[in-house]
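The values are calculated or read from the model by the stated rules, or taken from the named source; none is laboratory data. In this text, all values refer to a predicted model and were calculated from it rather than measured experimentally. Note: ideal-geometry Cβ built from the backbone for every residue, glycine included; neighbour counts use all protein chains shown. All accessible areas refer to the heavy atoms of the entire protein, side chains included, with ligands and DNA or RNA removed. Shrake-Rupley method; radii C 1.70, N 1.55, O 1.52, S 1.80 Å.
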Amino acid sequence: MEDISLDEISDVLQQENTFIWVSMYEPDMQMLEKIQEEFGLHQLAIDDAHAAHQRPKLEEYGDTLFIVLQTAMLMDGNLDIGETHLFLGSRFLVSVRHGASANYEKVRERIESVPDQLANGPGFALYAIMDFVVDNYRPVVDTLEQRFQKLEAELFGKQFSRECLEELYELRRQLLLLRSAAVPLIDICNALIRFHTGIIPKESRIYFRDINDHVIRIADTTHNTSDLVTAAMQVNLALVTVGQNEIVKKLAGWGAILAIPTMVFSLYGMNFKYMPELNWEWAYPTVLAIVGVACIGLHRKLRRDGWL
């Protein structure tokens, strides 16, 4: 591979047994219009590549395929989703990156190291980019899984707090974002395997099947982890409910204990000389002793039953 200028693109495209890969990061509309002129790209695809904020998809514009991939990177613990827009023709590949995305220098080194596969055309370069994007999903998934395991340990270690619940919710949101970026690649890979034979040669299709397998594993992992996060949030709510029930039981137990003196004292009023029964000198001490014994006995029973 060798570097060429934009003005040389038209001439190089006329050469046999060669193809051009143009890689750009957040180009302006003027640059995209120049690329459109050189490669004959459709205006709708150019508008999408400039505006970004597209869902993962594959669209066909005549002899050119327009593919949108979503990239994923963890920045300061937060998941950032970027985009890569790809224009694929029989003799060229144009990649446009937006947002969070690693550069494709490693992809270029990889395809240059296998010239026999590079000879199959831009289809192999497309595979290398898609494989690079999907491979970058894996460390993100592993990090999110580790974060969940830590929160899960806190949940069952009785150190759980409202902040942990908020982290669980944010973790589930990030898992859903990553899943929404990965799952559409399954349909894209299937389309590249089955159709578009004029652009994707038979020799290159097996590589997209490999990407498809990787995406399915990532989709399954994100789905399963998301389910576990949902279950953990439900367990947290259940534990909160159990804790509230324990508090209610204790309050009810103490209420029952206090009901004994309340009932006895309210019955007699205790505002006459030698009450109860008016003339017995030991009435007060006896009633207090009976109330005390009854309260202590009820307290012991409630403790045995787990209410206190």
Do we have any residue at all in the stretch 173-191 that's open to solvent by 60 Å² or more (accessible area, probe 1.4 Å), at pLDDT below 90 and part of a helix (DSSP H, G or I)?
-> no
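Taking into account only those residues within the stretch 134-148 that are open to solvent by less than 40 Å² (accessible area, probe 1.4 Å) and within 10 Å of the chain's Cα centre (by Cα), which is farthest from D210 (Cα to Cα)?
If we filter the stretch 134-148 for residues that are open to solvent by less than 40 Å² (accessible area, probe 1.4 Å), which is where we start, we get 134, 137, 140-141, 144, 148.
Those left that are additionally within 10 Å of the chain's Cα centre (by Cα): 140-141, 144.
Numbers: V140: 20, V141: 19, L144: 24 Å.
Checking each candidate, the answer is L144.
Every residue, every condition in (1) among the charged types (D, E, K, R); (2) loosely packed, with under 13 Cβ neighbours inside 10 Å; (3) at pLDDT 85 or above; (4) not in a helix (DSSP H, G or I), yes or no:
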position	(1), (2), (3), (4)
L32	no, no, yes, no
I35	no, no, yes, no
A45	no, no, yes, no
A49	no, no, yes, no
R55	yes, yes, yes, yes
F66	no, no, yes, yes
L69	no, no, yes, yes
L74	no, no, yes, yes
From the list L118, L151, pick out the single residue that is closer than 21 Å to H223 by Cα and open to solvent by less than 60 Å² (accessible area, probe 1.4 Å).
-> L151
Residues in the stretch 102-110: is at least one over 26 Å from the mean Cα position of the chain (by Cα), under 24 Å from M29 (Cβ atoms), surrounded by fewer than 22 Cβ atoms within 10 Å (Cβ to Cβ) and not hydroxyl-bearing (S, T, Y)?
-> no
Do we find that E83 is closer than 22 Å to L185 by Cα, part of a strand (DSSP E or B), in contact (Cβ under 8 Å) with a residue 24 or more places away in the chain and open to solvent by 40 Å² or more (accessible area, probe 1.4 Å) in this structure?
-> no
